[in-house]
Structure formats: structure tokens, C-alpha cells
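Input: a single structure, listed below in C-alpha cells.
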Amino acid sequence: AQSVTQLGSHVSVSEGALVLLRCNYSSSVPPYLFWYVQYPNQGLQLLLKYTSAATLVKGINGFEAEFKKSETSFHLTKPSAHMSDAAEYFCAVSDRFMRFGAGTRLTVKP
Amino acid sequence: DVKVTQSSRYLVKRTGEKVFLECVQDMDHENMFWYRQDPGLGLRLIYFSYDVKMKEKGDIPEGYSVSREKKERFSLILESASTNQTSMYLCASSSDSFDQPQHFGDGTRLSIL
């Protein structure tokens, strides 16, 4: 079965700094990959998805992710963190079911 | 926009009670899902439904059942609630294709006392 591993349960950055959230996937076939964000007391919202059209995927709120087959990675980045980016982020891979990583909580310091 | 609505944001029940969590989606999606979210464990799939009256067990179905009598509505049932079922429960829906995202409700935080 396909799976994802998120490296780092907590990431802390300063406002204006680069955000890098790591995700590695395990898949025997080209995967469908997703990043979701969860703000406190809310459900998950889709940030972006990879479906093999392009290796660099742009999402909402200035986030993007790059699919690297050789590294089986799909890391999420944002050039400049904003206070409003503080949330929990989930990477997911989809075949018949969607499999979620354990999540990375992003803290943004003023 | 897709709207997935969960009937309660917060719910407190007692051990042994039968508990119903309701979820409604307005986009005519074929697939609906119930997840449980616990700190450090991410989202774990409890049950999945791909059509009316059709269901499949997910990773942690024990102690739960589901009902889907209408396409837009998917109910999660805790037959006899126990304290280890205290958690955040998330409902989601999606169209019938693996490359499509799931759309989530805001969750129900359930406490079993």
C-alpha cells in the first residue's frame, strides 16, 4: 500500500523566512500527491495536488511543492512565511484510499 | 464551492451510549469518508462509502458502524461509546476518481466521559 512520511512533527520559522515542510512517499506506481492545511478547530483544506502534469505545483497562499521521483519526495515550500501560515500541514497520497502523513505543525515567530 | 457539513462541532456523551455523527455534502459526490484524527497519528480511515448503501471498512472500523441511505448523507455510529473513542472526527467527500481531492467538514470533537 502507498504511504507518506512527514519529517518533523513541529517546524518553527521566523516571519519572512523560508518555509520547508518535508514529505516522502512510498509508491510502486506514479502517485497522486496532495498537501492539505488545517487551521485550529477546522477541517482540512486543499493547498495543492500533483497529478503528473508538472513536477512543480503551485498552490494557494503562495505555497508550492516539487515532485522529485528520484528522491520519492514532495516537499512543500513558501519563500516568505506569514503569521497567518501557522497551522498543521498534512501530506497525502491517493490510490484507492487517501493515506495521510502524521502532520507537521508550523509555528511562525514574529 | 463544495460544502461538507457535520451536524455537531462539539459533543459530550457517556460511556455505553449510542452516538450518531451526521455528515451531509452538497456536491453529488459518490465517495464519502469518516476519519478519526488524534495527535501524532494523522488521519485514520474508519469507513468509506462509494455509493448509497455501499460501504467498506477502513483501517480502524472496530467499535464503529456507518449508514448511507441517501447519496448526500453519511452517518457514523458508535454502537456503545467508550472513553478510547474520545477524538476529533472528520467527514470528507470526493468524486469517483483517485486524482481528485477530498473535501472536509469542520470536524466533530467528541468526548466520551
Distance-filtered residues of segment B:11-48 - backbone nitrogen under 19 Å, label point 7 angstrom along residue B:57 Cα→Cβ:
B:33-36, B:44-48
Evaluated at q = 0.11, 0.17 Å⁻¹: base-10 log I(q)/I(0), Debye formula over Cα of chain B
-0.31, -0.75
Find the Cα radius of gyration of the protein assembly as shown, compare it with 2.2 N^0.38 Å by division, and give the number to two decimals.
1.02
Write out the GluC sites (Glu not before Pro) in segment A:33-110 meeting two conditions: DSSP loop, and at most 11 other Cβ atoms within 10 Å of their Cβ.
A:71
Percent antiparallel among DSSP beta bridges confined to the protein assembly as shown, rounded to 5, stands at 90 percent
When the charge dipole of the protein assembly as shown is computed with +1 at the Cβ of Lys and Arg and -1 at the Cβ of Asp and Glu, the Cα pointing farthest to the positive end, of A:92, B:107, A:55, is that of B:107
For the pair residue A:9 and residue A:52, the simple spin-label estimate (label points 7 Å beyond Cα toward Cβ) gives in nm 3.6 nm
Would you mind counting up the charge near residue A:108? Only other residues with Cβ under 12 Å from its Cβ, with Lys and Arg at +1 and Asp and Glu at -1.
+1
Going by how many other Cβ atoms sit within 10 Å of their own, how do B:83, A:72, A:104 line up, fewest first?
B:83, A:72, A:104
Assigned charges on the beta-carbon of Lys, Arg, Asp, Glu; the protein assembly as shown dipole about Cα centre (debye):
360 debye
How large is the convex hull of the Cα atoms of chain A per residue, expressed in Å³ as a whole number?
94 Å³
Under 29 Å Cα to Cα from residue B:13, which lysines show up? Leave out anything in the same chain fewer than 8 places away.
B:3, B:53, B:55, B:57, B:70, B:71
List, in order, the whole-Hz ³J(HN,Hα) value for each residue of segment A:92-98 obtained from phi through the Karplus relation with A = 6.51, B = -1.76, C = 1.60 and θ = phi - 60°; use x for Gly and Pro.
8, 10, 10, 10, 6, 10, 8
At a Cα cut-off below 21 Å, give the lysines reachable from residue A:109, other chains included and same-chain residues fewer than 8 away excluded.
A:78
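Values quoted throughout were computed directly from the atomic coordinates according to the rules given, and no laboratory measurement underlies them. Bear in mind that the values here come from a model prediction, so they are computed numbers and not experimental data. Every residue, glycine as well, gets a Cβ built from its backbone with ideal geometry; the counts of neighbours run over all protein chains shown.
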